[in-house]
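Please read the structure below before turning to the comments.
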Ligand SMILES: [Zn+2]
């Protein structure tokens, strides 16, 4: 277990945040004007929320975000959150040539390591699009990644796999072992993003407890923009209202609230 995520311990859930800008979401939302989002405030909000419950998260930071807001990445690091990589530009991996993915991923890792002065060991692919193929895992391991959290056990039009995998599993490559930590599923994925916002909370709570009872440590994941209050209405005039808008923003007022409720449920365990 030594090469698993730095903050993958004790607490029954593994808290993760994918640190990217709202415009990076691959749903293709179309802003009518520049969206002003105060990322400094949102990162502080995350640090504050985690520290209230004395939990540290793993932050999968997008390279382009780190270039724009280096001080925020350092702040997360100094507050005890593990800095891991979310790739460079949030492109769907199957849409770019392998070589380009490789050079971008190397670049993104170096940006983070130069920023925090520490080795970056974890990787989560943009929109769960890492192909489940040995060549990608072997390349990640050669770059110096020890774990990935990119396996989505539910097939959607954009990403995902059909086979369910509940536990972290090792992939042996010619460069050594790399561990994949999959996203949890109980009938449906439920532990972050769109699913966490849309599904009824009783279901999320039930699914979470079911998996914990079986000895698993469910991942929960969020994004800085989900920590905004009333995101759905906040940008309704600034962004084209279409399916992309709904996928990105629907019920996002619930997101922070639900996170708090979950942290409250598991605070003493
Ligand atoms: Zn992302």
Could we say that residue 121 is at pLDDT 95 or above and either touching a strand residue (DSSP E or B) at 6+ places or on another chain (Cβ under 9 Å) or within 16 Å of the ligand (Cβ to nearest atom) (or both) here?
yes
Collect the residues in region 124-137 that are touching a strand residue (DSSP E or B) at 6+ places or on another chain (Cβ under 8 Å) and surrounded by fewer than 17 Cβ atoms within 10 Å (Cβ to Cβ), keeping them in residue-number order.
134
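Picking from 81, 71, 56, which residue would you name as being surrounded by fewer than 17 Cβ atoms within 10 Å (Cβ to Cβ) and either more than 15 Å from the ligand (Cβ to nearest atom) or more than 19 Å from the chain's Cα centre (by Cα) (or both)? It would help to see each step written out before you state the result.
Working: 81 fails: surrounded by fewer than 17 Cβ atoms within 10 Å (Cβ to Cβ); 56 fails: surrounded by fewer than 17 Cβ atoms within 10 Å (Cβ to Cβ).
Only one candidate passes the filter, namely 71.
In the set 154, 145, which member is modelled with pLDDT under 95 and out of contact with any helix residue (DSSP H, G or I) (no Cβ under 7 Å at 6 or more places or on another chain)? It would help to see each step written out before you state the result.
Working: 145 fails: modelled with pLDDT under 95.
Just one listed residue meets the conditions, 154.
Residue check: is residue 49 within 16 Å of the ligand (Cβ to nearest atom), within 18 Å of the chain's Cα centre (by Cα) and under 30 Å from residue 268 (Cα atoms)? Before the answer, list the steps.
On the way: within 16 Å of the ligand (Cβ to nearest atom): no; within 18 Å of the chain's Cα centre (by Cα): yes; under 30 Å from residue 268 (Cα atoms): yes.
When the stated conditions are applied, residue 49 does not pass them.
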Matching residues in region 29-45 (touching a strand residue (DSSP E or B) at 6+ places or on another chain (Cβ under 9 Å) and within 15 Å of the ligand (Cβ to nearest atom)) number 2
Anything in region 8-19 that is modelled with pLDDT of 80 or more and either surrounded by fewer than 23 Cβ atoms within 10 Å (Cβ to Cβ) or away from the ligand (no atom under 16 Å from the Cβ) (or both)? List them, or say none.
8, 11, 12, 13, 14
Which one is farthest from the ligand (Cβ to nearest atom) among residues in region 124-157 that are assigned to a loop (DSSP other than H, G, I, E, B), touching a residue at least 60 places away in the same chain (Cβ under 8 Å) and within 24 Å of residue 208 (Cβ to Cβ)?
149
Apart from one, (1) within 14 Å of the ligand (Cβ to nearest atom); (2) modelled with pLDDT of 80 or more all hold for residue 26; the odd one out is (2)
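The values are calculated or read from the model by the stated rules, or taken from the named source; none is laboratory data. The structure displayed is predicted, hence computed values, not measured ones. Every residue, glycine among them, receives a Cβ derived from its backbone with ideal geometry; neighbour counts consider all protein chains shown.
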